[in-house]
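Remarks on the structure that follows.
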Amino acid sequence: MDLFVDNNWYLHFREIKDDFQTGDILLVHGRYDFSFVIEAVQWSPFSHVGMIVRAEDIGLAGKTPDLLLWEANSLTNLPDVITGQAKPGPMLVDLEQRLSATAKDFEDVKFAFKPLYLPKETAIGTILQQLMPIVNQAGFPSDEEMANRFVEGRYYNKTAPTDAFFCSELLAHTFMEMGLLGTKYPMNAYAPKDFSDDGIVRLHKRAYFGNERFFNMQL
């Protein structure tokens with residue numbers, strides 16, 4: 001059965017949001033400007049990916065919404081919770097606001113998440129807390145630059161500079177900095193599909209992802 005057309009199989013955000021943990025992956029199918037190209041090249045329904053973060057794990061409990069999203073895109077319709085400013089590129093934003101805005105502003109939107117499972121002794125919050133303010137200063141590549149960065153990483157094993165990040169590039173870089181993703185392939189070699197159930201990502205330190213679970217924002 002195709003879960004993309006049978007909404008009875010979707011979870012509701014309000015019922016699962018308390019289960020989200022830092023490091024869980026958000027996958028998005030939607031009609032952004034460059035979505036058709038990304039999905040066609042990958043042969044995948046997903047054109048965007050980000051990381052769910054709990055504020056308490058990065059020292060922001062009580063200062064921001066409890067659930068945040070670490071992502072990179074060209075949108076500037078939400079402020080970054082670190083700087084208070086909106087900009088293209090890496091940002092840490094309110095997860096629920098991002099989901100609601102995306103569902104409202106773009107056509108044919110679908111959301112899925114993949115839970116991250118970590119050994120009890122593996123702590124990632126401190127690393128994220130140190131990494132985010134630095135990476136947050138980077139920009140977002142143009143469509144042409146994004147394509148070039150991906151091709152150079154995927155097919156020529158050439159690492160792109162950290163002055164800009166596209167979504168899956170940011171995610172790969174973050175997992176590498178946390179020591180959970182190997183560096184055999186550069187960060188810009190990864191596409192959103194690679195973090196999906198059909199992808200190639202395998203983690204280190206006995207960490208692993210669960211299967212995709214689709215959800216919606218309906219009340």
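Which one is modelled with the highest pLDDT, of the residues in region 146-175 that are out of contact with any strand residue (DSSP E or B) (no Cβ under 9 Å at 6 or more places or on another chain), over 18 Å from Leu92 (Cβ atoms) and among the aliphatic types (A, V, I, L, M)?
Residue satisfying both the conditions and the ranking: Ala160.
If you check Glu169, Glu144, which single one turns out to be farther than 15 Å from Met51 by Cα and of a type outside the set (Phe, Trp, Tyr)?
Glu144
Quick check on this structure: which one of Glu56, Glu71, Glu96 is crowded, with 20+ Cβ neighbours inside 10 Å and closer than 23 Å to Gln21 by Cβ?
Sole residue among the options that is crowded, with 20+ Cβ neighbours inside 10 Å and closer than 23 Å to Gln21 by Cβ: Glu71.
Which pairs have Cβ atoms under 6 Å, sit 6 or more apart or on different chains, and link a residue in region 168-197 that is without any contact (Cβ under 8 Å) to a residue 40 or more places away in the chain to one that is assigned to a loop (DSSP other than H, G, I, E, B) and surrounded by fewer than 24 Cβ atoms within 10 Å (Cβ to Cβ)?
Matching pairs, first to second residue: Phe175/Leu181; Met176/Thr183; Pro186/Thr159; Asn188/Ala160; Asp194/Ile200; Asp194/Val201.
The values are calculated or read from the model by the stated rules, or taken from the named source; none is laboratory data. What you see is a predicted model; the values in this text were computed from it and never measured. Cβ coordinates were reconstructed from backbone atoms using ideal geometry, including for glycine residues, and neighbour counts include every protein chain displayed.
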